[in-house]
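Everything below concerns the one structure shown next.
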Amino acid sequence: MTGFEALRARMVERDLRGRGIADSRVLDAMGTVPREAFVASDLREFAYEDAPLPIEQGQTISQPYIVARMLEALGLRGSETVLDVGTGSGYAAAVLSRIANRVYTIERHGPLAEVARRRFRELGYDNIEVRHGDGSLGWPEHAPFGGIVVAAGGPEIPQPLLDQLAEGASLVVPVGETLRSQRLVRVVRRPGDRFEAEHLEAVRFVPLVGEAGWLPAELEASEGSTSLEPVMAAPAAGLGPDRPLVRLLRESSEPFDDIGEAELGSLIERIGDARIVLLGEATHGTSEFYRMRARITRELIERKGFRIVAVEADWPDAAKIDHYARLRETPPPEWTAFTRFPTWMWRNREVAEFVEWMRSFNAEREPGDRVSFHGLDLYSLFRSIEAVLDYLDRVDPDTARVARARYGCLTPWERDPAVYGRAALTGTYRTCEAEVVQILRDLLARRMEYAGRDGETFLDAVQNARLVANAERYYRVMYYGSVESWNLRDSHMFDTLSTLLAFRGSEARAVVWEHNSHVGNAAATEMGARGEHNVGQLCRQDFGDAAFLVGFGTDTGTVAAASEWDGPMEIKDVRPSHPESYERLFHETGLEAALLHLREPARPEVRGELEPPRLERAIGVIYRPETELASHYFQASLPHQFDEYVWFDRTRAVAPLIGPELEGVPETYPFGL
Ligand code: SAH
C-alpha cells in the first residue's frame with residue numbers, strides 16, 4: 001500500500017463509515033479515486049484531511065464526507081446517466097463515474113473545466129464529459145438524468161434541473177436565501193410531475209452563479225461585497241499549527257494554568273465600567289465553564305460591586321437558591337428546585353459550591369448589599385402560576401379567587417403545555433391569553449398597595465405573572481416556527497434582566513450566565529440571518545459597550561448531556577473540533593487554557609483575521625455526536641459575536657448532585673430533595 005492508499009483507507013473508515021455513510025458502492029468509489037490527483041501539488045499532503053481544500057479560481061474541492069453524503073443521497077444503482085453541476089477540481093465527478101454509467105459535468109470557469117478534462121484523461125476515466133458553461137440550466141441534450149448533484153448553492157432549487165430529472169430520480173442541491181445559511185436538499189421526482197423535497201443537513205457551498213442561480217448583481221447585494229470570492233473560508237497559507245493565524249492567536253492569548261489561581265486583573269480592567277457582563281458556555285454540561293464563570297463572577301462581585309447574578313434557569317427555581325444565598329427570613333419557596341429536565345444544568349456540584357460562596361459572602365453584609373440570584377427563563381408555567389396564587393392568597397384573598405378561576409383556563413394542560421399551544425392554534429380549544437394578561441395587569445395596577453408591604457416579594461409575584469403571560473404565548477407561537485418562539489423567549493429573558501437592574505437602582509450591575517447562543521451577539525451568527533435575536537444582541541443594542549460579552553469554547557473531553565429531550569443524563573465524549581471551526585484554530589495554538597481579548601486587541605489584526613465567518617460548535621442539553629456537523633455547528637464571526645473568548649482545550653462533564661451528599665441537608669437547602 002502506498003502512503004496515499006493508506007490515508008484513503010483511513011478516510012473511508014473514520015470520516016465516512018464512522019459518520020454513517022453506509023452505501024458500499026459509494027464507500028468503494030471513495031476508496032479508489034485518488035483525491036490527491038485533484039488538488040494542487042503543494043496541497044497533496046492534505047488531500048485526505050477531513051476538510052474542503054482550495055482549488056484554482058478561488059473555488060474549493062468539497063470535504064470528502066460531503067461528497068459521499070451527496071452521492072449516497074442520489075441512491076444510484078450503476079446504470080444511470082447523471083449530471084454533476086460545478087465540476088471544480090473534477091473530484092466529485094470522478095467518484096460519480098465509478099458508481100454511474102455516464103457522467104455529464106458542467107463548470108462555469110473555463111480553466112477549471114480544462115484541468116478537470118485533462119485529469120480524467122490521465123486517470124483513464126473515459127465515461128465523463130465536461131462542458132464549460134452555466135450548469136444551473138442543466139444539459140438538456142442529455143436529459144432526463146437518473147440523478148443530478150450540484151456543488152454550489154443558489155437562492156432556490158433551479159427549475160431547469162427539476163425539469164431534467166427522470167421519474168424516480170433524485171436531485172441533491174444546496175439552497176439558501178443567503179450564502180450564510182444553506183440547506184442540503186434532496187428532491188425526488190414522483191409520477192405525475194410531483195416533487196418531494198427533504199432537508200438533509202445544514203451546509204455551506206460556494207455560490208451557484210448562473211441564470212437559475214445567483215445573478216452576479218444579486219450576489220453583491222446579498223453579501224454586501226464587491227467580489228465573487230468563495231465564502232467557504234479556505235485556509236490561505238496551508239494548514240496546521242504553524243499557519244500565521246494560529247501563531248497570531250498563540251501570541252495574543254493570555255494563557256493560565258488553574259481556574260482558581262488564574263490572574264484575572266487584565267480581564268477585570270477590560271470589563272471596566274460595564275454594567276452587564278454576560279458569561280457564555282459552549283455546552284450546558286462542562287465543569288470548566290461553570291467554575292470559570294464562578295471565578296470571574298466572584299471577582300466582579302468583590303472588586304466591582306456586582307450584586308445581581310442572573311442565569312438561564314426558571315424564575316421560581318432560581319428564587320429558591322436566592323432565598324438560601326441571601327439568607328432571607330421569609331418562608332422558603334416550597335418546591336424543590338430544578339427537578340425538571342435538564343436537572344444537571346443547575347443541580348450540580350459546581351453550582352452548589354458557588355451558591356455556598358454567595359451565602360458566606362452575603363452573611364457578612366447588610367440585606368441591601370447582598371448578591372441576589374435569579375432565573376431569566378420561562379419554562380416554569382405551572383410553578384409560576386402556583387407562585388402567583390400563593391402570593392395573592394397571602395396579600396389579597398379576594399383577588400386570589402378571581403386569579404385562580406382565570407388560570408383555570410390553563411390547568412387542563414399541566415402535563416404538556418405544548419399540547420395547549422397546538423389546541424389553541426387549531427381552534428379546538430380557546431386561548432387563555434386574555435385571562436393570563438389580565439392577572440398581570442391586575443397585579444401591576446395594585447403596585448402601590450402591594451409593593452408597599454414588601455417590594456421584593458411583589459417583584460417575585462409580578463415576574464411570575466409575567467412569565468405565565470409570556471409562556472402562554474410561547475407555547476402558542478411555537479407552532480408558527482422556531483424563530484418566533486426563540487425571539488419571544490430571549491426577549492422575555494432580556495426584559496427580566498432589565499427589570500432586575502431597574503429594581504436594584506441605576507448603579508446596579510449584573511452578571512449573566514447563559515449559553516453562548518444567548519450571550520453572543522446573534523447578529524454576528526447565522527441565527528441573525530434567520531431573523532433570530534438574543535439576549536446578547538438586545539444588551540448590546542440597549543447598553544452599548546456597557547455590555548461585555550464573553551464566549552467560551554473547548555476542543556474535546558466529556559460533557560453531560562442527553563441523547564433526546566427528557567432523556568437521562570449521560571456522560572458523552574466530545575468529538576475533536578471540526579477542521580474549519582474556530583475551535584480548531586484555538587486547539588492548534590497548543591494552549592490548554594487562555595483568554596483572548598477581541599473588542600480592542602493589542603494587535604488589531606486579531607479582529608481582522610478572525611472576522612471571516614467560520615464554524616462554531618454549540619452543544620446544548622442534547623448532544624448528537626453522530627450528526628455533529630449538522631446538529632451542532634453554525635457559522636459565526638467571532639470578534640463580532642464576543643468581546644472576549646475563554647478557551648479550555650480539554651474539558652470534563654459537570655458533576656450532578658444526587659444521592660448521599662444530599663442526605664440530611666436543612667429544609668432551606670435549595671438542592672434538597
Ligand atoms: N464538485 C467539485 C466542487 C467544486 S466547488 C469538487 O469536488 O471539486 C463548486 C464549483 O461550482 C466551482 O468550481 C464553481 O466555479 C462552480 N459553479 C458555480 N456556479 C456554477 C454554474 N452556474 N455552472 C457551473 N458551475 C458553477
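The values are calculated or read from the model by the stated rules, or taken from the named source; none is laboratory data. Being a predicted model, the structure only gives us computed values, none of them experimental. No Cβ is skipped: glycine too gets one built from the backbone with ideal geometry, and neighbour counts run over all protein chains shown. When the accessible area is computed, the model is the full protein with side chains, heavy atoms only, and any ligands, DNA or RNA have been set aside. Shrake-Rupley method; radii C 1.70, N 1.55, O 1.52, S 1.80 Å.
Exactly one residue among 280, 285, 272 is among the small types (Gly, Ala, Ser), on the phi > 0 side of the Ramachandran plot and modelled with pLDDT of 95 or more, and that residue is 272. Could you tell me whether residue 345 is under 30 Å from residue 651 (Cβ atoms), under 31 Å from the mean Cα position of the chain (by Cα) and open to solvent by 10 Å² or more (accessible area, probe 1.4 Å)? Spelling it out, residue 345 is indeed under 30 Å from residue 651 (Cβ atoms), under 31 Å from the mean Cα position of the chain (by Cα) and open to solvent by 10 Å² or more (accessible area, probe 1.4 Å).
The sole residue among 169, 100 that is away from the ligand (no atom under 12 Å from the Cβ) and in contact with a Leu (Cβ under 6 Å, 6 or more places away or on another chain) is 100. Of the residues making up region 320-332, just one is assigned to a loop (DSSP other than H, G, I, E, B) and open to solvent by less than 30 Å² (accessible area, probe 1.4 Å), namely 326. Is one or more of the residues making up region 562-576 open to solvent by 10 Å² or more (accessible area, probe 1.4 Å), over 30 Å from residue 416 (Cβ atoms), in contact with an Asp or Glu (Cβ under 8 Å, 6 or more places away or on another chain) and free of Cβ contacts under 8 Å to residues at least 24 places away in the same chain? Checked region 562-576: at least one residue is open to solvent by 10 Å² or more (accessible area, probe 1.4 Å), over 30 Å from residue 416 (Cβ atoms), in contact with an Asp or Glu (Cβ under 8 Å, 6 or more places away or on another chain) and free of Cβ contacts under 8 Å to residues at least 24 places away in the same chain. Of the helices (runs of 4 or more DSSP H) lying entirely inside region 454-526, those carrying at least 2 residues that are open to solvent by 20 Å² or more (accessible area, probe 1.4 Å) and farther than 29 Å from residue 328 by Cα are 455-477, 482-504.
So which residues in region 361-384 are open to solvent by less than 10 Å² (accessible area, probe 1.4 Å) and of a type outside the set (Ser, Thr, Tyr), if there are any at all? 362, 371, 373, 375, 376, 377, 378, 381 - these are the residues of region 361-384 that are open to solvent by less than 10 Å² (accessible area, probe 1.4 Å) and of a type outside the set (Ser, Thr, Tyr).
On inspection, residue 57 passes the criterion of being surrounded by fewer than 18 Cβ atoms within 10 Å (Cβ to Cβ) and of a type outside the set (Phe, Trp, Tyr). Which one of these is closer than 30 Å to residue 457 by Cα and not assigned by TED's automatic domain parsing to the domain that holds residue 367: 534, 516, 521? Checking each option against the conditions leaves just 534. If you check residue 653 against the conditions, is it closer than 28 Å to residue 268 by Cα, buried (at least 17 other Cβ atoms within 10 Å of the Cβ) and out of contact with any Lys or Arg (no Cβ under 9 Å at 6 or more places or on another chain)? Spelling it out, it is not the case that residue 653 is closer than 28 Å to residue 268 by Cα, buried (at least 17 other Cβ atoms within 10 Å of the Cβ) and out of contact with any Lys or Arg (no Cβ under 9 Å at 6 or more places or on another chain). Quickly run through region 27-67 and pick out the residues that are more than 14 Å from the ligand (Cβ to nearest atom) and closer than 16 Å to residue 93 by Cα. Within region 27-67, 27, 28, 31, 32 qualify.
Scanning region 40-54 for residues that are surrounded by 19 or more Cβ atoms within 10 Å (Cβ to Cβ) and touching a Phe, Trp or Tyr at 6+ places or on another chain (Cβ under 8 Å) yields 47, 48, 53. Can you name the residue in region 178-200 that is touching a residue at least 40 places away in the same chain (Cβ under 8 Å) and either in contact with a Lys or Arg (Cβ under 6 Å, 6 or more places away or on another chain) or away from the ligand (no atom under 13 Å from the Cβ) (or both) and, of all such residues, is most open to solvent (accessible area, probe 1.4 Å)? That would be 180.
Which residues, counting only those in region 135-159, are part of a helix (DSSP H, G or I), within 11 Å of the ligand (Cβ to nearest atom) and over 11 Å from residue 86 (Cα atoms)? Lay out the reasoning, then the answer.
Of all residues in region 135-159, those part of a helix (DSSP H, G or I) come to 135-137, 140-142, 159.
The next check asks that each one be within 11 Å of the ligand (Cβ to nearest atom); those that pass are 135-137.
Listed by number, the list holds a single entry, 137.
Of the residues that sit in region 391-414 and are open to solvent by less than 60 Å² (accessible area, probe 1.4 Å) and in a helix (DSSP H, G or I), which one is nearest to residue 428 (Cα to Cα)?
Just the residues of region 391-414 that are open to solvent by less than 60 Å² (accessible area, probe 1.4 Å), to begin with: 391-392, 395-396, 399-400, 403, 407-410, 413.
Next, from what is left, pick out any that are in a helix (DSSP H, G or I): 391-392, 395, 399-400, 403, 407, 413.
Values: 391: 32, 392: 31, 395: 36, 399: 29, 400: 28, 403: 24, 407: 18, 413: 13 Å.
In this case the residue turns out to be 413.
I'd like the residue in region 68-97 that is more than 14 Å from the ligand (Cβ to nearest atom) and more than 22 Å from residue 212 (Cβ to Cβ) and, out of all such residues, is most open to solvent (accessible area, probe 1.4 Å). Among residues in region 68-97 that are more than 14 Å from the ligand (Cβ to nearest atom) and more than 22 Å from residue 212 (Cβ to Cβ), the one most open to solvent (accessible area, probe 1.4 Å) is 77.
Pick from 558, 554: which is open to solvent by 30 Å² or more (accessible area, probe 1.4 Å) and either out of contact with any strand residue (DSSP E or B) (no Cβ under 8 Å at 6 or more places or on another chain) or over 25 Å from residue 496 (Cβ atoms) (or both)?
Values: 554 fails: open to solvent by 30 Å² or more (accessible area, probe 1.4 Å).
It is 558.
Residues in region 112-127 that are in contact with a strand residue (DSSP E or B) (Cβ under 9 Å, 6 or more places away or on another chain), within 12 Å of the ligand (Cβ to nearest atom) and not small (Gly, Ala, Ser): 112 only.
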